[in-house]
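The values are calculated or read from the model by the stated rules, or taken from the named source; none is laboratory data. On a predicted model such as this, the values are computed, not experimentally measured, just so you know. In this analysis, Cβ positions are derived from the backbone assuming ideal geometry, glycine residues included, and neighbour counts consider all displayed protein chains. When the accessible area is computed, the model is the full protein with side chains, heavy atoms only, and any ligands, DNA or RNA have been set aside. Shrake-Rupley method; radii C 1.70, N 1.55, O 1.52, S 1.80 Å.
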Amino acid sequence: MAVKCESSPMHATSSGLLQGDNPLHYSLPLVIVQICLVLVLTRVLAYLLRPLRQPRVVAEIIGGILLGPSALGRNKNYLHAIFPPSSLPVLDTLANLGLLFFLFLVGTELDPRSLRRTGKKALCIALAGITLPFVLGIGTSFALRSTIAQGVNQAPFLVFMGVALSITAFPVLARILAELKLLTTDVGRMAMSAAAVNDVAAWILLALAIALSGSGSPIVSLWVLLSGSGFILLCILIAPRIFNWMAKQCPEGEPVNELYVCATLAIVLAAGFATDAIGIHALFGAFVVGVLVPKEGPFAGALVEKVEDLVSGLFLPLYFVSSGLKTNVATIQGAQSWGLLVLVIATSCFGKIAGTVCVSLMCKLSVQESLALGFLMNTKGLVELIVLNIGKDKGVLNDQIFAIMVLMALFTTFMTTPLVIATYKPAKMAVTEYKNRTIMRKDTSKQLRILTCFHGTRNIPTLINLIEATRGTDKKEGLRVYAMHLLELTERPSAILMVHKARKNGLPLWNKEKAGESNQVIVAFETFGQLSKVSIRPNTAISPMSSMHEDIIASAERKRVSMIIVPFHKHQRLDGHFETTRADLRNVNRRVLEHAPCSVGIIIDRGLGGASHVSASEVNYSVLVLFFGGHDDREALAYGMRVAEHPGITLNVVRFIIDPAVIGASVHVDIVQNSSPVPASQEDEIFLSDMKQKSSGDSSIVFQDSIVKNVRETTEVIRGFKKCNLFIVGRMSEGQLVSAFDSKSHHCPELGPLGNLLISGEISTSASVLVVQQYRSELPQESLRSLRAGDSSRVGSSRIGHSAKGVDGDEEVTEI
C-alpha cells in the first residue's frame, strides 16, 4: 500500500507509559498490538467457521475485512489509533516479507515432475478451467471499464481481470479435499493435478500482467518479460545443483545443518530482490526457488519445518489485514455497483464450473464427478488476493473494483465445501454386507483380513511381530494385512507436502518406485512382506484428528476386514510407567471402538519381540489368554487360537471360575439383559469345548481352570504368568467376578477392567497386551457408557459384597 505520510516517521520503541509516552505512537509496540489483534480475531473466526468445514483462509479474509474500513474501521478513532497511516509501511513490509517466505513454501508444495506426469484428462480440465474464465474475465472488464473503471490502462486491466477469474487456489483446494475425505478418490486426484497446472499457468499470466502494467513503453514491458524469463532459466540451471549438493550433505536420520537452512533462506531473499529489480515482483523469485528445492529427503522437510510456523501462523495473517485495510465495501453503492458485483461472481462461477464440467463430461466422468470438479476448481484464496493487491498497488484496480473482487473471492471459496458435499457423495459401499466381521468364525480356513493402524515408527516392530504371530499355518493367502499410516492434517504448508509424499499419481500408497527415498516405515513393511507369506498393503490416511476415526472405519468397511488393531494412546517409559503420547489419539480409539464395522483390538506396546522384526524360525513367544466369559473374551480366545497355529508360540488359556461358596453368599448382582436364547455361560461352555476339541493333541496349547474367591486372588493368579510375552484379554469381560474390579482405578475405560489391571502397577510385567472387543451390531449400554464417559467414569456398576472367611481365616468384606 502506497501511503504518503506528512508526519515525521515513527520511532521504533517508546520510553514507557510512566514517562508520558503512548506506546501506540511507536512502531514496535504498535505492530505487536496489530499482530495480536489479527491473530485473536482470525483464530476466533476460524473456530466459529469450523462446523461449516471452511478452510482457514476464509476466516483470515473475513478478519481482514472486519478490521478494515468496511466494519471496525468506520470508527475513525479506532482506525487512527490501531492502524494509523504512518504505521502502514511497517505493516506492509512485514506482511510482504511473510508472504515472500510463504510463497517459497507454496513452491515447495509443487513438484515439477508431477506436472510432467499429469494425465491428459487432468490437463484438459485444467486448460478448460483457465481458458473460459479468462475469456469471460476479459469480457467482464469491458463492462467494468464502461462504468466504474473509466480511465484505467486497458491492456493490463484486461489481463488482471482474466487472471483474477481463472485462478484456482492450490493449497486451499488440497485442504478442502482432505477435509472432505476426497484426497484418494478419482475426483481428488484429478482436482489436485488440474489445480497444480492451473497454479503454474496463473503465475505466468500474472507475470505478463505485471509487465504490461508498467508505466514505460511496450519495449520496456518486453524487456521485463525477457529479463524475467532469463532469470527463471538461470535459476533452473544453477539452483538445483546447489540444492542437490546441500541435500547430499544432509543424510537421513541426522539433523540438517543450520548453515544450509540459512543459505537457502538467503537465496530466497536474493531471488526476491532480483525479480523486484527486474520489475515483476519479489514474490516470483521466492516461488521459483521453492519449486526448484528437491522434494525428497530430509532437506525440504527441515526447511519447511523451520519456516512454516512463524510465517503462516504469525506473519501471513498480516497480509490479509493489509488487504482488508484496502477493502472498503462501502464504496459499492447503488444498484449499478451491486449489479456489477453479481455479474463478476456469476461470470467467475460460470466460467470455472461450466468449463470444467463440459470437459469432464467429454472425458467420460459422471455428472456428479464433473460438478464436484467444477465446484472444486472454483476455489479461490491467497493467490487471488495477491493478484488483486498487486493490481491495486500498480493502479490497475480502483477501490470499488478491488472491493468487488475481494468479495467475489470470499464468496466463491465459501461456497465450495457446501456445494461439493451436496452434489458429490463418493460411492461408499452401501452398508457393506460381509460375513466375516470377527476373528471367531465357523470356517477358519478362509482368508483373515486385519487393518493395523500406526501413527509413527514407535509401534512398528511390535505390530510386525504381532502380524508374524497372527499369520498362522502355511495356508495360501491365509492373512492379508492393511497397514494404515495415520497422519494428521494441519493448516501448515508441510501438510500438503505430506499429501504429495503420501500419494503419488493419486494412489493412497507410498511411492514404491524410489526405494532409496523410502523411509524406514516402508522398508520395514516391504521387507516383512517379502520374507513372510503375508500379503501386506500399506496405505495412508491424512485427516484432522477429529475425523481420523472415519478414515479408519471407512477403510475397514471397504476392505472387509475382520479386525482393526489400533495402538494405545500411551507409550511405556524406561522406568516402566506409561506416558501419554497424544491425548487426542485416545478419542480416535474410543470412536473406532464405538463405530467399528468389525472387531477391534488395542495393542499396548511393551516391545513384543524386541526392537526389530523376529523371523518366523526365531519366534519363541508365550501367549496368555485370560478368560472370564462373554463375547469379548470369546473373541480374545479365538484370536489366541489363531496365534497358537504359529509353530514358535505356546498358548496358555486360563479360565477364571468363581468359587461356588462365594456365589452362594452373594447379596446383590446386577444382571445384564441378554437377548440371546442361549445363556452367556452356556455359550462360553460350548465355545470352550469346541476349542479344546480342536486343539486336542496339540501340546503347545494348554487350557486350565483357576477357582478364585475375589479380585485379590485373581490378581495373584495373573501375576504368576508375568513372564509371558503377550496377554490377550477381552475388553468387557462378563460375569460376577470381573464386575467387582474397582471401577475407580479404571483410568482408561476403553481398555476395560482387565486392560487397566495389566497396565497398572499391580502387575509387574514386560508383556505387551492386546485388548479385544468383538463386533456386535449394537454394543451393550455399559460398553457405550464406558466409551463416552471421561476418565472419571465408573466401568461396571455391579458390586457383589458378602461376609466370608478369607484365605487367611480373617473376616473380610469380599469385593469380587
In what sequence, highest mean first, do 462-469, 146-153 appear when ranked by Cβ atoms within 10 angstrom?
462-469, 146-153
Round to a whole number: what % of the accessible area of the stretch 535-667 belongs to carbon and sulfur, probe 1.4 Å?
49
Per-bin percent of Cα-Cα distances, the stretch 145-253 [5 Å]:
2, 10, 12, 12, 13, 14, 15, 10, 6, 3, 1, 1, 0
So for the stretch 19-97, taking the charge dipole from beta-carbon charges (+1 Lys/Arg, -1 Asp/Glu), which of Gly64, Tyr78, Leu94 sits furthest toward the positive end?
Gly64
Nearest 0.05, what FRET efficiency do Ser114 and Ser15 give at R0 = 51 Å with Cβ-Cβ as r?
0.40
Defining a contact as two alpha carbons under 8 Å apart and six or more residues distant in sequence, what relative contact order in percent does the stretch 141-258 show?
23
Go through Lys570/Lys692; Lys120/Lys295; Lys181/Lys394; Lys442/Lys559 and tell me which ones have a Cα-Cα distance over 30 Å in this structure.
Lys570/Lys692; Lys181/Lys394
Name the residue from Pro660, Gly648, Asn587 whose Cα lies farthest towards the positive end of the charge dipole of the stretch 543-665, charges +1 on Cβ of Lys and Arg and -1 on Cβ of Asp and Glu.
Asn587
Arranged from highest to lowest average of other beta-carbon atoms within 10 Å per residue, in what order do the peptides 103-113, 709-719 appear?
103-113, 709-719
The answer for Asn539, listing residues at least 5 apart or on another chain whose modeled amide H is closer than 5 Å to its amide H, is Ala483, Met484, His485
Based on the alpha-carbon gyration tensor of the stretch 341-410, what equivalent-ellipsoid semi-axes (square roots of 5 times the eigenvalues) come out, in whole Å, largest first?
29, 11, 9
Accessible-area composition of the stretch 87-191, carbon plus sulfur, in percent [1.4 Å probe]
64
Area accessible to solvent at Asp92, 1.4 Å probe radius, in Å²
10
Computed accessible area, Val172, all protein chains, 1.4 angstrom probe, square angstrom
20
Sticking with the crude label model, points 7 Å out along Cα→Cβ, report the distance from Val220 to Ala346 in nm, one decimal please.
4.0
Could you give the nm distance between label points at His571 and Asn77, where each point is 7 Å from its Cα heading toward the beta carbon?
5.5
Ignoring everything but the protein chains, give the 1.4 Å probe accessible area of Lys446 in square angstrom, nearest 10.
110
I'd like the carbon and sulfur percentage of the solvent accessible area for the stretch 283-400, probe radius 1.4 Å, heavy atoms only, ligands and nucleic acids excluded.
66
